[in-house]
Every structure is written in C-alpha cells, then in structure tokens.
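Since the structure comes first, as structure tokens, the remarks are kept for the end.
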C-alpha cells in the first residue's frame, strides 16, 4: 500500500507534518458507476465493461488541500448489491465523507440514493459530509432525474451536489476535491484527551498509520 | 423431458435464439423450489422461465411421491437433478457425462452459491418468502459461477478433489512461505499465494486446514476479473468449514497473475491485511527478487508435456494422494479445444470407473477410441491420467508412464507444496 510509503509533507518552517487522512465511502445502487467514478478519480481511466464490485474495494489517493496541506483519501468503494447491505455500516461508520451515487437515467437509483442519505444521516448523526452525485451525464439524453430534482433534494438535506460522467471525466475530480475540503480536520487535542472518545477517522484502522492527528493546517 | 421444447415456445426475440441455446453441449440451471429462475450458464434465465417452471413441476411431482427424481435420459441428453433445501439445480449434457459426475458438478455450483450467501442466509430468506427472487442477492457474482461451470468442463482438478500446484523451485517456494509466516498479523487465519487456481504456498494454523473443495471455490472466486486491480475485502463462506457464517477475505494481485489471498475471522481487520500485503511484497521483492520469480512462474502457467522428458505425451495429470495435491500439464499444441474437452471427460469417466471397483478396484485402464488414447493408473500413492499420441501401443505407453513416474519422483520437491508453513 501507498499509505506509508508517502512521505509526510513538511511545512516550510519544517515543524509539523501537514497531512491528514480522510475516510470516504461510496454508496449507491449497483451499476450506477461507483467503481467507475473511483477509477476515473484515482487513475483517470474508464472501462465501459467494468465488472461488478464484490464486497468492497479499497483505494487511497492524495488530494492537495488549501494551505499546503495534503489529505490522503482512503476510499471504500462498496458493492451496490443487496447482499452486502448489512456490511455497509462497517464502511460508513466514522467515515469523514460519503459519496452517494445515482444514475441520472434510472429514477429508482435516485430513490435508493435518498435512502442511503437518510441512513447515513441517522447513523452518523450528521458527522459525515455527504456528496450526492448524479452520474452518467454522458447519457443525459436518456435522463429521468432532472438536475433540479437532484439539486433541490441535496439543498433540502444539506448535501453537496454534483452531476458527473465517469466516462468523460466531467465533474469527477471536483467531487472528491471539494468533499475533501469540507471534511472537518481533526481537532488538535493532546492524545490523552482523545483516549476516551471514539476516533472519527480511523476506526477501522486498528494498525493503520496515525499521522492524522498531527496536521497543523 | 426434452429441455428444448419450452424454450422454443418462448416468443421473445433478442439474443436468445433457441438454436444457439441448444448448440451448447452442457447446460446448468438453478431455480428456487417455487420455480423462480436463479441462474443459467447460457442465455438469459428470465427468458427461460417456462423451462424453469417445467423443471420445478417435474421435481415437485416426484417429491410428492416421496421418491426424488435423480436423472432423465432423452436421446443423447443426460439430465440430472440435484436439490438442496430451497434450491433446485439441473445439469444437462450430451457429451456422455455420467450421472454421478454431473451431480457432483451441480453440488459444486451449489457450494459456490453457498460461498457467496451462506446456507443460513439461503434458508432464512426462503423461509420468509418462498417466492423470493434470489438474483437480487446473487447480483454481480454470475461471472464467478460462469467461470466455475466453464472450468468444470476443461479442468480435471475439481473432480480430482485435490489442489492444483504451480511449479516452482523448492527453495523459492519455501521462502515465500517463510515470508508469509513472518509477516502474519494476529487476526490472520490462512494466507495463500495462488496463480489462476494453482497454489504456490499456504499458511495455516497448526491444528486446522481448509478442505480442498473450499479452496477450489475460493480460488475460483479470486480468479474473477473483479479482483484484478486494487485491494478487495469481501465476506466468503467456506461451506465445508462452516456453511452458516462468513469469514472475511482479502484479495489483491501482488504481481501479474499472482494473487495474495488472506483469510480472517475479523471483519474489521482489513487494515491489518493491507499492512501485511505491503510487508510481504517488500520482503518478496528484497529476497532474490522473489516477486519477479513468482510472476515468471505464473506466466509459465502449467508445464508443457515435452518438459517431462518423454515423446508422444499429449497431456498428463498426476495426483499425489498423501499431499492431496496434483499438477496437470498443458495440452500439446496438436490437440484442439474439442479434443481437449473430450480427453478431460474421458479422465473423469475413467476415474469414476476406478472408484466404483469396490473390494478389488481396477488399477490400470487403457482406453482407446478412434481419436484418443488414454491411460489411467492408480496406485497406493498416486493417480495418473495421460493422453498420448493415438498411434502409441500399450507397451510404449507403459514405458512412457514409467519414465514420467521417475521424472515426477526426481522433481517432486518443485512440483508440490511439500512444507507448507503453519503456526
């Protein structure tokens, strides 16, 4: 994995590493393009006949934040199939950000996306920044969910809203970059004070790197 | 029952032309006990709903007589049924596949479905809703079942019930095993390095080992294109180990064609696994470039028959009874796909024949047809199946096989996983 090979970037003064980790989960019905969005974002590739995700796939990718800080996005791309539904909490629990995806040509997938948003907001008590993404903008001619409908729901529920095409790449970088900036940085508390409370970002990462706490930006 | 009639009656156009569907020599269908289509290897299961209903009617009318239907013959077709709880499976073949063989293949297809869902979940779902559409839950895994069904047709390994092994120098294999052992996280149960269903090495607890059938299902799954890039974490049920629950499996390709498969009971242990992968890869790259050695071995795939130092050998399987491992060579270039399939089919039938021998089982079968010459040989310590040039006489064949046995003895350390590490 790349996560520990990457050097922690140093501030010009050289004192503190400016590096945070954000856990981001992708949710949405199967075949709306979750894996394709991740592949476009992380490797700038697209595969028309991408295989269904089985279980969950993990990708990490760095994003530059304002002020010279870098966020490592730890992205969990979950399978949209029904059978994995009970596993979803394991991925979204404690996630800093969530990308909830629907297919603008499939009205049913929009309904499913709203259900994911409701579940996330209930379970994570509003602590997860959610981006609602209508994908497959390249198929806009077959659209059944209007941009207004998506935007109105996002505004009402307090979500970031985007329409993207994983195929052409349109809007994809923006989703992940803006989401990264919106995720609150961990408060710079002394380690002792943190012991009693649940970790926000690294709940899954029992043996993961702990650099997140030191970001000074 | 003639499986074709209801299909021909389906008026739907599109990709399912009944002539095309009928052209396939083997069919595997899965349906629920309520007659709902779940899976078909060929065509679209939704368009086969009349056929599925017919199968359901046949199975249930026999079960009403408390005498389950086992198989039917219709012309050259053998149709075999296998029912397990809420699932009905049907296999049809016009290749002369014996009933027992088709049934054991249906059992494997069933086990693969269990590996995805667990038996507990299957039972619970259908108890709650007997007409549940199971495709909702299997969605995205059709490719895994397709892959299994296709492999059953051309790979003798499933029928042998042993693990296929990748040829590798003893010392190199040993070091790969040591690396796995030294980098084992606490939450790890099993670790495997595997290349397209061929085992390189396997790390296991001292007192437990997984059943080869469970490993076949796992390796078949790991070969799915969905896992080809990146890191993956998915629940997998091992039916022989415990068909009621899941273990959690990490799959990532560490070199072209070489997968690292890590099994844990802790579903929150992904990051320990990803850390393990990183350390294992570092160690393998540092130690005599083992990562590259692995990639080379994987690219080699199976041995070519000429590498066994004999002339006239077209293909061979050797099963080591004590280790419960086997290796198979590639087919000689002179053998086409159709003949290769036929030879594998012959191996399967000869093996069944030997197994049925009772007190005094047959030890050697020399089989000759117009096109194929095949030898099957079982001893206390091995099973061997060989296809040779059609013109070869019995004496030359025995000579060839004896030469191969000598070669295997000499090469044993590199052919098989002799010392798999345990903790």
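See the values below:
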{"read-out": "10 Å Cβ neighbours from other chains, averaged over peptide B:244-250", "value": "1"}
{"read-out": "Listed peptides A:142-153, B:259-270 by packing density, highest first (mean Cβ within 10 Å)", "value": "B:259-270, A:142-153"}
{"read-out": "Convex hull volume of segment B:180-236 per residue (C-alpha atoms, cubic angstrom)", "value": "106 Å³"}
{"read-out": "Segment B:288-335: translational diffusion in µm²/s, Stokes-Einstein, Kirkwood Rh over Cα pairs, 25 °C, 0.890 mPa s", "value": "198 µm²/s"}
{"read-out": "Shielding score for B:224-236, defined as the mean number of other chain Cβ atoms within 10 Å", "value": "6"}
{"read-out": "Residues A:139, B:294, sorted so that the one with the fewest Cβ neighbours within 10 Å comes first", "value": "A:139, B:294"}
{"read-out": "Enclosed volume per residue, in Å³, of the convex hull spanned by Cα atoms of segment A:87-153", "value": "83 Å³"}
{"read-out": "5 Å-binned pair-distance histogram of segment B:55-198 (Cα, whole percent)", "value": "2, 7, 13, 15, 16, 14, 12, 7, 6, 4, 3, 1, 0"}
{"read-out": "Relative counts (whole %) of C-alpha pair distances in chain B, using bins that are 10 Å wide", "value": "4, 20, 28, 26, 17, 5, 0"}
{"read-out": "Shape box of the protein assembly as shown [Cα atoms, principal axes, largest first, Å]", "value": "84, 62, 41"}
{"read-out": "Per-residue Cβ neighbour rank within 10 angstrom, fewest leading, A:92, B:367", "value": "B:367, A:92"}
{"read-out": "Segment B:49-116-segment B:118-144 distance, computed between alpha-carbon centres (Å)", "value": "18 Å"}
{"read-out": "Quotient of C-alpha Rg and 2.2 N^0.38 Å, computed over segment B:278-414", "value": "1.22"}
{"read-out": "Segment B:163-300: projected area of the alpha-carbon convex hull, averaged over directions, in nm²", "value": "7.6 nm²"}
{"read-out": "Per-residue average of Cβ from other chains inside 10 Å of B:134-141", "value": "5"}
{"read-out": "Value of Rg to Rh for segment B:47-119 (Rh from inverse mean 1/r over Cα pairs, i.e. Kirkwood)", "value": "0.97"}
{"read-out": "Dimensions in Å of segment B:5-140 - Rg and Dmax from alpha carbons", "value": "14.5, 40"}
{"read-out": "Modelled FRET efficiency - R0 30 Å, residue B:130 with residue B:242, Cβ distances, 0.05 increments", "value": "0.70"}
{"read-out": "Helical mean residue ellipticity (222 nm; -39500 (n - 2.57) per DSSP H run of 4+; nearest 500) of chain B", "value": "-12500 deg cm²/dmol"}
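Taken together, the values in this text are just the output of simple stated rules run on the coordinates, not laboratory data. Just so you know, these numbers come straight off a predicted model, no measurement behind them. Every residue, glycine among them, receives a Cβ derived from its backbone with ideal geometry; neighbour counts consider all protein chains shown.
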